[in-house]
Amino acid sequence: MAEDLHIVQGSKTEQYEALYPQIEGLLTGETDLVANLANVAAALKEQFGWLWVGFYLVKGDELVLGPFQGPIACTRIRKGKGVCGTAWAQAETLIVPDVEAFPGHIACSSLSKSEIVVPLIHQGEVWGVLDVDSVALNTFDTIDQTWLEKIVTLIQPAHV
Ligand code: SME
């Protein structure tokens, strides 16, 4: 496994194209879930410099904070609450161009202006979410959705 991430400049697509195989490499041969979630969060944060990149894992009827990069965050989110809990309940990616316009948004950091949340799904069940926050409005689009959905399929849940 390479020890340094190769950071590229360029369009969003070019950045994801360069990052994806590196994330694949990071995960190959490692089955520990926490280690893999931590490295994926770090790789995304390093390449894109977003405010917050991290995971929440389903535990009972809540999402509980997992590995992340960025400012400290809320630890528990109920199903259907906030952007994360809504993405879990709907089992689909949510792109929020302006968090203040999202009813029930949970403000972990006042610096966060836009957000994307991608559910982690195994055999039809959501077992966690990837949450990414940006200091700018309108940061995320369908390019991020496509690539982040592809990246999270590389992560195997702990019980598999
Ligand atoms: N904003 C999220 C909460 C998690 S933090 O942004 C890290 C939400 O509304 O679910």
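Quick look at the values:
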{"quantity": "Those residues of the stretch 6-34 whose amide nitrogen sits under 18 Å from the label point placed on Thr153, 7 Å along Cα→Cβ", "calculated": "16-28"}
{"quantity": "Accessible surface, the chain, averaged per residue in Å² (probe 1.4 Å)", "calculated": "50"}
{"quantity": "Model label zone, Glu14; criterion: amide N under 14 Å from point 7 Å along Cα-to-beta-carbon; scope the stretch 122-160", "calculated": "none"}
{"quantity": "In the stretch 52-160, the chymotrypsin sites (Phe, Trp or Tyr not before Pro) that fall in loop regions by DSSP, at most 14 other Cβ within 10 Å", "calculated": "none"}
{"quantity": "Distance-filtered residues of the stretch 109-152 - backbone nitrogen under 12 Å, label point 7 angstrom along Glu100 Cα→Cβ", "calculated": "111-114, 137"}
{"quantity": "Förster radius 35 Å - calculated FRET efficiency between Ala42 and Leu137 (Cβ-Cβ, nearest 0.05)", "calculated": "0.90"}
{"quantity": "Carbon/sulfur fraction of accessible area - the stretch 54-160, other protein chains in place, 1.4 Å, %", "calculated": "53"}
{"quantity": "Residues with amide H under 5 Å from that of Trp52, placed H, sequence gap 5 or more", "calculated": "Asp133"}
{"quantity": "5 angstrom amide H check on Leu120, placed H, neighbours 5+ away", "calculated": "Trp127, Gly128, Val129, Leu130"}
{"quantity": "Dimensionless Rg ratio for the chain, taking C-alpha atoms and the 2.2 N^0.38 Å reference", "calculated": "0.97"}
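The values are calculated or read from the model by the stated rules, or taken from the named source; none is laboratory data. Just so it is clear, the model here is predicted, and its values are computed rather than measured. Every residue, glycine as well, gets a Cβ built from its backbone with ideal geometry; the counts of neighbours run over all protein chains shown. Just the protein is used for accessible areas: all its heavy atoms, side chains included, with ligands, DNA and RNA removed. Shrake-Rupley method; radii C 1.70, N 1.55, O 1.52, S 1.80 Å.
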